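Peer 1: Structure provided below as structure tokens; questions to follow.
The values are calculated or read from the model by the stated rules, or taken from the named source; none is laboratory data. All values derive from a computational prediction rather than experimental measurement. Every residue, glycine among them, receives a Cβ derived from its backbone with ideal geometry; neighbour counts consider all protein chains shown. Ligands, DNA and RNA are stripped out before the accessible areas are found, and what is left, the full protein with its side chains, is counted by its heavy atoms. Shrake-Rupley method; radii C 1.70, N 1.55, O 1.52, S 1.80 Å.
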Amino acid sequence: MTQKQKKQIAAVSIFSIAFGIAPAVNAMHIMEGYLAPKYCIAWGILCLPFAAAGFLKIRSTLNENRRSITLLAMSGAFIFVISSLKIPSVTGSCSHMTGTGLGAILFGPCSVSILGLIVLVFQAVLLAHGGLTTLGANTFSMAIAGPFAAYGIYRLLKKLKVNHLAAIFLAAAIGDLFTYCITGIQLAVAYPSEAGGIAASAAKFLGVFAPTQIPLAVIEGLLTTAIVIFLESFAKSELTSIGFFKKEA
Amino acid sequence: MEKKQKKIFIALILASVLIAVVPLFALKEAKFGGSDDAGSVMVEEIQGEYTPWFTPVLETMLNREIPGEVESLIFCVQTGIGVGILAFYMGRLYERNKRNKEQKSYDHH
């Protein structure tokens, strides 16, 4: 190990420890037991085709080129890091980001459903964060809806010839926000308000989640752009092999 | 990494740290609780009293809530796993690039 690498690792470790000490509170995700069983089952079933497609997509990506496992592992690790950092926001409460935009841009949204699922299971089992009963709903919002939004926006902006880095930033940021919008709507469907029904309830939940999440979505966009810049300079061959560079042409 | 890219990279990281840190100093009164808690408060507001019908597996096994410090430990472990994998591959890619460059300049001589 070179001196430089040691320094890098030391720096990153300090960074992670500093964040780990930050006050731990539940943020984001629908909590265990907060969705009636019928909704849990419905969202779970809705996730199955995406997870199956994701599994097949990952397998074919790896069969095509074993070396793309580097980027796949990095995308997964990125979700691990980003979704564990709870960050204070302008509204005076904390929330965390999703980190799913990177994987969606690199590997397509279906692959991310598997990566996101791993993180959600980890948090549900070990952290009582999110939950096993709400796993389906949380997977749908964080690992399916968000990545699809990110991917869609990225492809659209590419078509419109928007600046490459701006496209990545917007895709990741809006994907993050979209996850929270879906969470709000999921809660609203399960808890329609007496006056005004689902729509009124959705407005309430979005009112809780959205303002907190906006600055975090910006951070997520910035960090995703940063890591893509890194990959573009150091992992050109891998990016080419998964078709990231080709798509832009 | 070119000079310009390096600058953007650093600027992006700095900007994200700033966005995260500023509210902490700007809002002296805020408690910075989780927005999820705010979500469950909202559920009670709409629904009246609400008792979750399922408790997290670990809490059932422990027969109590996960202690705050332990929770932050596990979050830390999650961050650590992620950072470990990221840093390992970033270091590896970085070194590979450097080696390739050295190889090229060696070939030229």
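Peer 1: Condition first: among the β-branched types (V, I, T), surrounded by 16 or more Cβ atoms within 10 Å (Cβ to Cβ) and more than 9 Å from chain B (Cβ to nearest Cβ). Now tell me which residues in segment A:225-249 satisfy that.
Peer 2: The first filter runs over segment A:225-249 and keeps only residues among the β-branched types (V, I, T), leaving A:225, A:227-229, A:240, A:242.
Next, only the ones that are surrounded by 16 or more Cβ atoms within 10 Å (Cβ to Cβ) stay: A:225, A:227-229, A:242.
Correct list: A:V228, A:I242.
Peer 1: Test of understanding: among A:I58, A:I118, A:I105, which residue is part of a helix (DSSP H, G or I) and surrounded by fewer than 21 Cβ atoms within 10 Å (Cβ to Cβ)?
Peer 2: Details: A:I58 fails: surrounded by fewer than 21 Cβ atoms within 10 Å (Cβ to Cβ); A:I105 fails: surrounded by fewer than 21 Cβ atoms within 10 Å (Cβ to Cβ).
Of the residues listed, the single one that is part of a helix (DSSP H, G or I) and surrounded by fewer than 21 Cβ atoms within 10 Å (Cβ to Cβ) is A:I118.
Peer 1: With respect to A:T224, determine if the residue is polar (S, T, N, Q) and either within 22 Å of the chain's Cα centre (by Cα) or more than 24 Å from A:H164 (Cα to Cα) (or both). Please lay out each step first, then the result.
Peer 2: Details: polar (S, T, N, Q): yes; either within 22 Å of the chain's Cα centre (by Cα) or more than 24 Å from A:H164 (Cα to Cα) (or both): yes.
Criteria met by A:T224.
Peer 1: Does A:V162 satisfy the criteria of being over 14 Å from the mean Cα position of the chain (by Cα), facing chain B (nearest Cβ under 10 Å) and surrounded by fewer than 24 Cβ atoms within 10 Å (Cβ to Cβ)? It would help to see each step written out before you state the result.
Peer 2: On the way: over 14 Å from the mean Cα position of the chain (by Cα): yes; facing chain B (nearest Cβ under 10 Å): no; surrounded by fewer than 24 Cβ atoms within 10 Å (Cβ to Cβ): yes.
Considered against the rule, which asks whether it is over 14 Å from the mean Cα position of the chain (by Cα), facing chain B (nearest Cβ under 10 Å) and surrounded by fewer than 24 Cβ atoms within 10 Å (Cβ to Cβ), A:V162 comes out as no.
Peer 1: Any idea which residue in segment B:43-75 is farthest from the other protein chains (Cβ to nearest Cβ), counting only those that are within 26 Å of A:F205 (Cα to Cα), open to solvent by 60 Å² or more (accessible area, probe 1.4 Å) and not β-branched (V, I, T)?
Peer 2: Ranking the qualifying residues of segment B:43-75, first place goes to B:E49.
For every residue, the table says whether it meets (1) β-branched (V, I, T); (2) open to solvent by less than 50 Å² (accessible area, probe 1.4 Å); (3) part of a loop (DSSP other than H, G, I, E, B).
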site	(1), (2), (3)
B:A11	no, no, no
B:V77	yes, no, no
B:G91	no, yes, no
B:E95	no, yes, no
B:K101	no, no, no
B:S105	no, no, no
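Peer 1: Kindly indicate which of A:A199, A:A210 is touching a helix residue (DSSP H, G or I) at 6+ places or on another chain (Cβ under 9 Å), in contact (Cβ under 8 Å) with a residue 24 or more places away in the chain and farther than 26 Å from A:A73 by Cα.
Peer 2: Details: A:A199 fails: in contact (Cβ under 8 Å) with a residue 24 or more places away in the chain.
That would be A:A210, the only listed residue that is touching a helix residue (DSSP H, G or I) at 6+ places or on another chain (Cβ under 9 Å), in contact (Cβ under 8 Å) with a residue 24 or more places away in the chain and farther than 26 Å from A:A73 by Cα.
Peer 1: For segment A:165-205, how many residues are of a type in the set (K, R) and away from every other protein chain (no Cβ under 11 Å)? Break it down into steps so the answer makes sense when it comes.
Peer 2: Within segment A:165-205, the subset of a type in the set (K, R) is A:204.
Within this subset, residues satisfying the condition of being away from every other protein chain (no Cβ under 11 Å) are none.
Residues flagged as of a type in the set (K, R) and away from every other protein chain (no Cβ under 11 Å) within segment A:165-205 amount to 0.
To keep it simple, each residue is scored yes or no on (1) modelled with pLDDT under 90; (2) away from chain B (no Cβ under 14 Å).
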| site | (1), (2) |
| --- | --- |
| A:M1 | yes, no |
| A:S13 | yes, no |
| A:G44 | no, no |
| A:L48 | no, yes |
| A:S60 | no, yes |
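Peer 1: For segment A:61-77, what are the residues that are under 15 Å from A:S113 (Cα atoms) and open to solvent by 10 Å² or more (accessible area, probe 1.4 Å)?
Peer 2: A:T61, A:L72, A:A73, A:G76, listed by residue number.
Peer 1: Mind listing whichever residues of segment A:204-224 are among the aromatic types (F, W, Y) and surrounded by fewer than 20 Cβ atoms within 10 Å (Cβ to Cβ)? Break it down into steps so the answer makes sense when it comes.
Peer 2: Initial filter on segment A:204-224 (among the aromatic types (F, W, Y)): A:205, A:209.
Correct list: empty.
Peer 1: State yes or no: is B:S40 at pLDDT 80 or above and either more than 8 Å from chain A (Cβ to nearest Cβ) or open to solvent by less than 50 Å² (accessible area, probe 1.4 Å) (or both)? Spell out the reasoning first.
Peer 2: On the way: at pLDDT 80 or above: no; either more than 8 Å from chain A (Cβ to nearest Cβ) or open to solvent by less than 50 Å² (accessible area, probe 1.4 Å) (or both): yes.
Taking the combined requirement at face value, the residue does not satisfy it.
Peer 1: For segment A:73-87, what are the residues that are out of contact with any His (no Cβ under 7 Å at 6 or more places or on another chain) and more than 7 Å from every other protein chain (Cβ to nearest Cβ)?
Peer 2: Passing the criteria: A:S75, A:G76, A:I79, A:I82.
Peer 1: Which one of these does A:L156 not meet: (1) facing chain B (nearest Cβ under 8 Å); (2) open to solvent by 50 Å² or more (accessible area, probe 1.4 Å)?
Peer 2: Every condition holds for A:L156 apart from (1).
Peer 1: Can you tell me which residue in segment A:121-130 is surrounded by the most Cβ atoms within 10 Å (Cβ to Cβ), limited to those that are of a type in the set (G, A, S) and modelled with pLDDT under 85?
Peer 2: So the first thing to find is which residues in segment A:121-130 are of a type in the set (G, A, S), and the list is A:124, A:128, A:130.
The next check asks that each one be modelled with pLDDT under 85; those that pass are A:128, A:130.
Details: A:A128: 23, A:G130: 28.
Step by step, filter segment A:121-130, then rank; the result is A:G130.
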